[in-house]
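Chemist: Provided herewith is a single structure, encoded as structure tokens, for subsequent inquiry.
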Amino acid sequence: MSLRTLFHPELSHHKLPRRPFFEGWYCKMVAADGSMLAIIPGYFKGKNPTDDHAFIQIYDTNRSKSAFIRYPAETYHAAPDALEIEIAGSRFTPRGITLNIDALDDAGTPWQLAGTVTFSELLPWPRHFLSPNAMGWYSFVPFMECNHAVLSFDHTLRGTISDSIAGIVHDFNGGRGYIEKDWGSSFPSEYLWLQGNQFASHPGASIFLSIATIPWLGSSFPGHIGGLWLGDQHQEFHLFAKYNGSSVLALQADERDVLALLQRSNLILRIRAHRDRAVPLSAPYHGSMQTKILESAGTNVSVELFLLRPDSIRPHSRELAASLSDIDLAAPSEYLAHIWGTELLFDDTTTAACLETVGDLSKLAAQPRQAARTL
């Protein structure tokens, strides 16, 4: 870790001596019609230097396919003082992305993507000296297994990408984008990751949630980071993270549905997701990029933010957490607002979200009675 990369996590870390190591920039582009193309440029260092390579990963909802394209390490070029990445003729910066891909993926499938999409009005994660990125003060811990940085919650897109193999053109004029960076030695053994923007009634609104098992000094603990931007009209950011005293009150997940309930002080955040399809993506896991995870795009996500009124249940009382076992957490928001004595601050849905769930998620949320003891 260096001060340069600590306070500028968007920069490439590939010259750090750590092995194994990965870094990748998740660039999600959603067209006005809801179709999505996600491009993930990155660099991987294995336990053995002969395993080092650059890569570009693709997730295309028009083709319902993903691709992992491996490039020699020497094709990777990164500016030392700015986010400017080039891999075999494709370029990635905060100003946009230019693709020049003509290659076979790891499965032997040909891909030919070319074009430029520009980004504007980027909305980065709020940060300050003691919290340089989404990880909060954990950013200063040098041995974290996996790190996150949200480089843009939401931004506008302009441009097109041509797919010569499929004979289609991705038109991103009027679309919305999202950029995240992940780096470290391995993805967690259990985690939920969710991101969505392009909400129906709140332009500029965006939701990010990560809940994961965090290795720590020979043991582990469940950690979480959630951020909600209310959109262009309100310009409010609400943070739900372990490091700012938030709690995961409930987490329910199966193959198709996810429900998460988080609380910070007098705010309650409910996220409900439903997915119909998923494609495999390559992920770093303890020295290898061979592990496959399933990511669902075009996921339907509903987000509600409740405000506990002063005359309702006290925000740190046991009564609120204990009541979770007696009610249907998937009930309509109006019903929950009534029984909790809350005001509904945000209520909207996106059908352009992405979702990943890995491992046994029951380990990541306290049961209602356990949550009551922590409030």
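Please treat every number below as a calculation from the coordinates, not as lab data. These numbers come from a predicted model, not from an experiment. We place every Cβ from the backbone using ideal geometry, glycine too, and count neighbours over all the protein chains shown.
Chemist: Any chance you could check the Cα centroid distance between the stretch 339-362 and the stretch 160-239 for me, in angstrom?
Modeler: Answer, in whole Å: 13.
Chemist: Neighbouring Cβ atoms within 10 Å as the yardstick, rank Ser201, Ser220 fewest first. Write down the numbers at each step before the final one.
Modeler: Values: Ser201 11, Ser220 16.
Exposure proxy ranking, most exposed first: Ser201, Ser220.
Chemist: For the stretch 1-185, what does the relative contact order come out to in percent, with C-alpha contacts under 8 Å and a separation of six or more?
Modeler: Computed value for the stretch 1-185: 22 percent relative contact order.
Chemist: If you don't mind, another one. At a threshold of 8 angstrom on Cα-Cα distance, excluding pairs fewer than six apart, so keeping six or more, what relative contact order does the chain reach in percent?
Modeler: Reported as a whole number, the value is 14 percent.
Chemist: Follow-up question, since we're still on this one. Taking the Cβ of Ala212 as the centre, find all other residues whose Cβ is under 13 Å away and add up their charges (Lys, Arg: +1; Asp, Glu: -1).
Modeler: My count for the surroundings of Ala212 gives -3.
Chemist: If you don't mind, there's one more thing I want to ask. Residue-wise, which Karplus ³J(HN,Hα) couplings in Hz belong to the stretch 194-199, taking 6.51 cos²θ - 1.76 cosθ + 1.60, θ = phi - 60°, and x for glycine or proline?
Modeler: Once rounded to whole Hz, the list reads 9, 8, x, 9, 6, 6.
Chemist: Then there is this: With θ set to phi - 60° and the Karplus curve 6.51 cos²θ - 1.76 cosθ + 1.60, what are the ³J(HN,Hα) couplings of the stretch 35-45 in order, to the nearest whole Hz, using x for Gly and Pro?
Modeler: Listing the rounded values in order: 5, 9, 10, 9, 10, 10, x, x, 9, 10, 10 Hz.
Chemist: Please list the radius of gyration and Dmax for the chain, considering alpha-carbon atoms only, with Å as the unit.
Modeler: Values for the chain (Cα only, Rg and Dmax): 20.4, 64 Å.
Chemist: Same structure again: Would you mind ranking Lys65, Lys15 so that the residue whose beta carbon has the fewest other beta carbons within 10 Å leads the list?
Modeler: Fewest-to-most Cβ neighbours within 10 Å comes out as Lys15, Lys65.
Chemist: Let me ask something additional. Taking the stretch 99-205, which chymotrypsin sites (Phe, Trp or Tyr not before Pro) meet the DSSP loop condition and have no more than 15 other C-beta atoms within 10 Å?
Modeler: For chymotrypsin sites (Phe, Trp or Tyr not before Pro) across the stretch 99-205 that sit outside H, G, I, E and B with at most 15 neighbouring Cβ atoms in 10 Å, the list reads Phe129, Phe143.
Chemist: Can you give the helix-only mean residue ellipticity at 222 nm for the chain, where every DSSP H stretch with n ≥ 4 adds -39500 (n - 2.57) and the sum goes over all residues, rounded to the nearest 500 deg cm²/dmol?
Modeler: -1500 deg cm²/dmol
Chemist: Quick one: Karplus J couplings for the stretch 241-252, per residue in order, coefficients 6.51, -1.76, 1.60, θ = phi - 60°, nearest Hz, x for Gly and Pro?
Modeler: Once θ is set to phi - 60°, the couplings for the stretch 241-252 become 9, 4, 6, 10, x, 6, 10, 8, 6, 7, 8, 10 Hz.
Chemist: If we sort 232-242, 343-353 on the protection proxy, mean other Cβ atoms within 10 Å, highest first, what's the order?
Modeler: 343-353, 232-242
Chemist: Further, regarding this structure: Over the stretch 1-89, what is the relative contact order in whole percent, taking alpha-carbon pairs under 8 Å and six or more residues apart?
Modeler: Answer for the stretch 1-89 is 22 percent.
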